[in-house]
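Here the structure is laid out as structure tokens; the discussion comes afterwards.
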Amino acid sequence: MSSNLFTLAALPYEQDALAPAISAQTIAYHYGKHLQAYINNLNAALPGSGFEGKSLEEIVKEAEGGIFNNAGQVLNHTMYFQQFKPAGSPSEPTGELAAAIARDFGSFEELKAEFQKKGAGLFGSGWVWLSSDAEGRLVITQEPNAGNPVRRGLKPLLTFDVWEHAYYLDYQNRRPDHLAALWDIVDWDVVASRY
Ligand code: MN
């Protein structure tokens, strides 16, 4: 057996801890089934691909086709699920990240408004991302399907999944309401640690 198989990272919270933004049922499918399937598909595709032994980020930067799609979804979902904390005690950015948000967006409220607008306005499946560039400037981008800002040379900090599987059990067609609810569970210490 290859020694570099990717595995499902444990959640840093209980499966029912993110409700109502994300229900336990959605976690069971989205984390337990969808993410596990992307991991299994990636591991199955690696032998003989030239990507064996490379890091997940290296694969996402360099691969195309099925390997890119599955590696991108593994990286995106791993970052997504690790960036949340239990509902009920919303936090805000602090320190250097808070200063950068004020500099580049005007305020935290303006960042949230632009992030939600770009998430709600992404046609079809994909991800909205907050990233930083080589100079530490913050940028919000829309990435279709399995896209990740590392493909543009950016450092990804925060992401909301706008594939329907991320919210349909809980919010049906109300994607904007789901995105608005996610601010309650973002762990800004995790986001800041990526900056
Ligand atoms: Mn997803």
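Residues in the stretch 47-62: is at least one closer than 18 Å to residue 189 by Cα, surrounded by fewer than 20 Cβ atoms within 10 Å (Cβ to Cβ) and outside the structural domain of residue 156 (by TED's automatic domain parsing)?
no
Out of 35, 130, I need the residue that is within 21 Å of residue 163 (Cβ to Cβ), buried (at least 17 other Cβ atoms within 10 Å of the Cβ), modelled with pLDDT of 95 or more and in contact with a strand residue (DSSP E or B) (Cβ under 6 Å, 6 or more places away or on another chain). Which one?
So the residue among 35, 130 that is within 21 Å of residue 163 (Cβ to Cβ), buried (at least 17 other Cβ atoms within 10 Å of the Cβ), modelled with pLDDT of 95 or more and in contact with a strand residue (DSSP E or B) (Cβ under 6 Å, 6 or more places away or on another chain) is 130.
Across the stretch 18-32, what is the number of residues that are within 15 Å of the ligand (Cβ to nearest atom) and open to solvent by 60 Å² or more (accessible area, probe 1.4 Å)?
The number of residues fulfilling the criteria is 2.
Could you check, for the stretch 165-178, whether at least one of its residues is of a type outside the set (Gly, Ala, Ser), in contact with a Ser or Thr (Cβ under 6 Å, 6 or more places away or on another chain) and under 19 Å from residue 11 (Cβ atoms)?
Yes - at least one qualifying residue is present in the stretch 165-178.
Within the set of pairs 6 or more residues apart or between chains, which connect a residue that is farther than 25 Å from residue 149 by Cβ and touching a residue at least 60 places away in the same chain (Cβ under 8 Å) inside the stretch 160-172 to a residue that is more than 9 Å from the ligand (Cβ to nearest atom) and open to solvent by 60 Å² or more (accessible area, probe 1.4 Å) with Cβ atoms less than 8 Å apart?
169/25; 169/29; 170/20; 170/25
Which one of 54, 61 is at negative phi and in a helix (DSSP H, G or I)?
Answer to the selection: 61.
Out of everything in the stretch 142-183 that is in contact with a strand residue (DSSP E or B) (Cβ under 9 Å, 6 or more places away or on another chain) and closer than 12 Å to residue 120 by Cα, what residue ends up being farthest from the ligand (Cβ to nearest atom)?
142
Under 8 Å by Cβ, and 6 or more places apart or on different chains, what pairs join a residue from the stretch 26-54 that is of a type in the set (Ser, Thr, Tyr) with one that is within 10 Å of the ligand (Cβ to nearest atom) and in a helix (DSSP H, G or I)?
Pairs that qualify, where the first residue is of a type in the set (Ser, Thr, Tyr) and the partner is within 10 Å of the ligand (Cβ to nearest atom) and in a helix (DSSP H, G or I), are 26/166; 29/165; 31/77; 31/81; 38/73; 38/77.
Would you check if there is a residue in the stretch 104-115 being charged (D, E, K, R) and touching a Pro at 6+ places or on another chain (Cβ under 9 Å)?
Looking through the stretch 104-115, none of the residues is charged (D, E, K, R) and touching a Pro at 6+ places or on another chain (Cβ under 9 Å).
Check whether at least one residue in the stretch 134-146 is within 23 Å of residue 33 (Cα to Cα), β-branched (Val, Ile, Thr) and within 14 Å of the chain's Cα centre (by Cα), and report yes or no.
No, there is no match, as no residue in the stretch 134-146 is within 23 Å of residue 33 (Cα to Cα), β-branched (Val, Ile, Thr) and within 14 Å of the chain's Cα centre (by Cα).
On the given criteria, is residue 13 within 19 Å of the chain's Cα centre (by Cα) and part of a helix (DSSP H, G or I)?
no
Taking the stretch 61-76 as the search range and keeping residues that are within 16 Å of the ligand (Cβ to nearest atom) and in contact with a Phe, Trp or Tyr (Cβ under 7 Å, 6 or more places away or on another chain), which one is nearest to residue 36 (Cα to Cα)?
My answer is 74.
The values are calculated or read from the model by the stated rules, or taken from the named source; none is laboratory data. Since the model is a prediction, treat every value here as computed from it, not as a measurement. Cβ atoms come from the backbone with ideal geometry, glycine included; neighbour counts cover every protein chain shown. The protein model used for the area step is the full one, side chains on, heavy atoms only, and it has no ligands, DNA or RNA in it. Shrake-Rupley method; radii C 1.70, N 1.55, O 1.52, S 1.80 Å.
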